[in-house]
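The values are calculated or read from the model by the stated rules, or taken from the named source; none is laboratory data. What you see is a predicted model; the values in this text were computed from it and never measured. Don't worry about glycine lacking a Cβ; one is built from the backbone with ideal geometry, like all the others, and counts go over all protein chains shown.
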Amino acid sequence: MRNNIKSCWRTYLYDLLIAIKQLFYICIKNMKIYIKYDLNAVCKKILQEQLEKLKLKYSLLDFNEVEINGALSATKLKQLNTALNNYSIQIVESSKSILIQKIKDEIREMVYGEGETTRLKTSLWLGAKFKKPYKYLSSIFTEVTFTTIEKFIILQKVERSKELIIANILNFSEIASLLNYSSTAHFSVQFKNTTGLTPSAFQYIIKTKEHNPTKL
């Protein structure tokens with residue numbers, strides 16, 4: 001009888017441990033985490049991995065510039081381009097396209113950065129950075145992308161503000177200040193004009209989806 005009780009007790013404990021383990025896995029499966037990452041570091045790592053796979057000797061000059069040490073055959077160039085395309089990275093060839101890419105990178109740095117550049121006037125910052133008149137930069141940008149620098153900046157700010165709203169760390173006033181808007185009202189109007197939703201409506205949708213994923 002005692003042995004039967006011990007056996008039943010062991011079976012019960014075993015089943016209980018299994019149940020707890022399954023519950024633990026379910027909790028982990030449904031856990032939501034927020035990730036902060038350095039885009040520059042990620043891209044740099046991808047570039048290094050793909051260049052080394054092709055056994056190319058190289059030097060990273062800047063965030064978006066790579067110097068290949070030695071001759072680069074058309075076949076190797078095609079292989080590299082194909083590999084990088086898997087990560088939505090493109091090799092830019094024309095001088096205009098290179099300039100546009102650099103402008104975009106600087107704008108993203110301004111929007112996503114946390115330094116003084118976020119407070120600078122865009123036209124002055126870009127003009128000083130590229131040592132060219134802003135009017136020229138703006139003209140080239142529109143010619144190649146069919147949109148204006150100003151509209152591109154708005155899109156980047158709105159995407160950044162979405163991330164900040166989802167993170168739920170800053171309020172709307174703090175987000176407006178961080179992204180260098182003149183006021184919370186200005187931020188709200190620009191957000192709605194771009195997304196069709198006010199920041200409050202967007203936040204409500206996100207919170208509703210978090211609490212009831214099947215509702216939306």
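Quick notes on this structure:
- If you go through the range 85-102 and keep only what is surrounded by 11 or more Cβ atoms within 10 Å (Cβ to Cβ), of a type outside the set (Val, Ile, Thr) and more than 12 Å from Leu47 (Cα to Cα), you end up with Lys96, Ser97, Leu99, Gln101, Lys102.
- Candidates Ala19, Ala71, filtered to the one that is of a type in the set (Gly, Ala, Ser), at pLDDT below 85 and surrounded by 10 or more Cβ atoms within 10 Å (Cβ to Cβ): Ala19
- Complete set of residues in the range 63-99 that are under 19 Å from the mean Cα position of the chain (by Cα) and not small (Gly, Ala, Ser): Phe63, Asn64, Leu84, Asn85, Asn86, Tyr87, Ile89, Gln90
- Qualifying residue in the range 126-143 (condition: surrounded by 14 or more Cβ atoms within 10 Å (Cβ to Cβ) and in contact (Cβ under 8 Å) with a residue 40 or more places away in the chain): yes
- Scan the range 127-180 for residues that are outside any helix (DSSP H, G or I) and under 16 Å from the mean Cα position of the chain (by Cα) and the total you get is 1.
- Residues that are exposed (fewer than 13 other Cβ atoms within 10 Å of the Cβ) and either under 18 Å from Lys151 (Cβ atoms) or aromatic (Phe, Trp, Tyr) (or both), drawn from the range 183-207: His186, Asn193, Gly196, Tyr204
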